[in-house]
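Presented below is the structure to which this report refers.
The values are calculated or read from the model by the stated rules, or taken from the named source; none is laboratory data. Because the structure is a prediction, the values reported are computed rather than measured. Here the Cβ is made from the backbone with ideal geometry for all residues, glycine too, and neighbour counts use every protein chain on show.
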Amino acid sequence: MASRLLLASRAASYLRISVSHRGFATVLKDLKYLDSHEWVKVDGNSATVGITDHAQDHLGDVVYVEMPEVGASVTQGQSFGAVESVKATSDVNSPVSGKVVEINEKLESSPALVNSSPYENGWMIKVEMSDSGELNKLMGSDQYSKFCEEEDSKH
């Protein structure tokens, strides 16, 4: 009896996950990715940072984005802010080290841009990189896609 109950609850939780999941998230080719689901787009010494489509999908509707001040220092793999959704609050980590030169002020009044446009209008900060060699520690799009598939299959 107990094992049948366990099986039923497992099946129910599996169904819940598979129903809410909308297939594979969008992963852009020209970006680099951190294993905590942030992306970086590099243009010379400038790096634009945000959270991935995969991350926003798992978070749900974003209601608030906490960002650093312009001029603040960020460190690769360290938190620089947070994203608050209807489900949870998550730290946002920087894929690169350097100085924040711009923040996306649109997110103050429209945090949902993180959901609707994670790679374009929903970017969070722009960083003047202090060490472009750090980019070699990040994942490319194929690696990141595989990482997300493996992570999802564990849940």
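Go through Gly44, Gly50, Gly71 for me and flag whichever is on the phi > 0 side of the Ramachandran plot and in contact (Cβ under 8 Å) with a residue 12 or more places away in the chain.
Details: Gly44 fails: in contact (Cβ under 8 Å) with a residue 12 or more places away in the chain; Gly50 fails: on the phi > 0 side of the Ramachandran plot.
One residue alone meets the criteria, Gly71.
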Among Gly140, Gly133, which is small (Gly, Ala, Ser) and over 13 Å from Lys41 (Cα atoms)? Gly133
Looking at (1) without any contact (Cβ under 8 Å) to a residue 24 or more places away in the chain; (2) in a helix (DSSP H, G or I); (3) within 16 Å of the chain's Cα centre (by Cα); (4) exposed (fewer than 15 other Cβ atoms within 10 Å of the Cβ), which is the one condition that is false for Glu149? (1)
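Name the one entry in Val65, Val42, Val127 that is surrounded by 15 or more Cβ atoms within 10 Å (Cβ to Cβ), among the β-branched types (Val, Ile, Thr), touching a Pro at 6+ places or on another chain (Cβ under 7 Å) and not in a loop (DSSP other than H, G, I, E, B).
Values: Val42 fails: touching a Pro at 6+ places or on another chain (Cβ under 7 Å); Val127 fails: touching a Pro at 6+ places or on another chain (Cβ under 7 Å).
Val65 is the lone residue from the list that is surrounded by 15 or more Cβ atoms within 10 Å (Cβ to Cβ), among the β-branched types (Val, Ile, Thr), touching a Pro at 6+ places or on another chain (Cβ under 7 Å) and not in a loop (DSSP other than H, G, I, E, B).
Restricting segment 68-86 to residues that are surrounded by 12 or more Cβ atoms within 10 Å (Cβ to Cβ) and farther than 20 Å from Glu134 by Cβ, which is farthest from the chain's Cα centre (by Cα)? If you could, list the steps in order and put the result at the bottom.
Taking segment 68-86 and keeping what is surrounded by 12 or more Cβ atoms within 10 Å (Cβ to Cβ), we get 68, 70, 72-77, 79-85.
Then drop every residue that is not farther than 20 Å from Glu134 by Cβ, which leaves 70, 82-85.
On the way: Val70: 21, Ala82: 11, Val83: 9, Glu84: 12, Ser85: 13 Å.
Among them, the one singled out is Val70.
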Can you find, within segment 107-146, the residue that is farthest from Trp39 (Cα to Cα) among those that are without any contact (Cβ under 8 Å) to a residue 12 or more places away in the chain and of a type in the set (Ser, Thr, Tyr)? Ser109
Answer with yes or no whether Asp57 is at pLDDT 90 or above and within 20 Å of Leu113 (Cβ to Cβ). yes
Out of segment 105-124, which residues are assigned to a loop (DSSP other than H, G, I, E, B) and within 19 Å of Thr26 (Cβ to Cβ)? Ala112, Ser117, Pro118, Tyr119, Glu120, Asn121, Gly122, Trp123, Met124
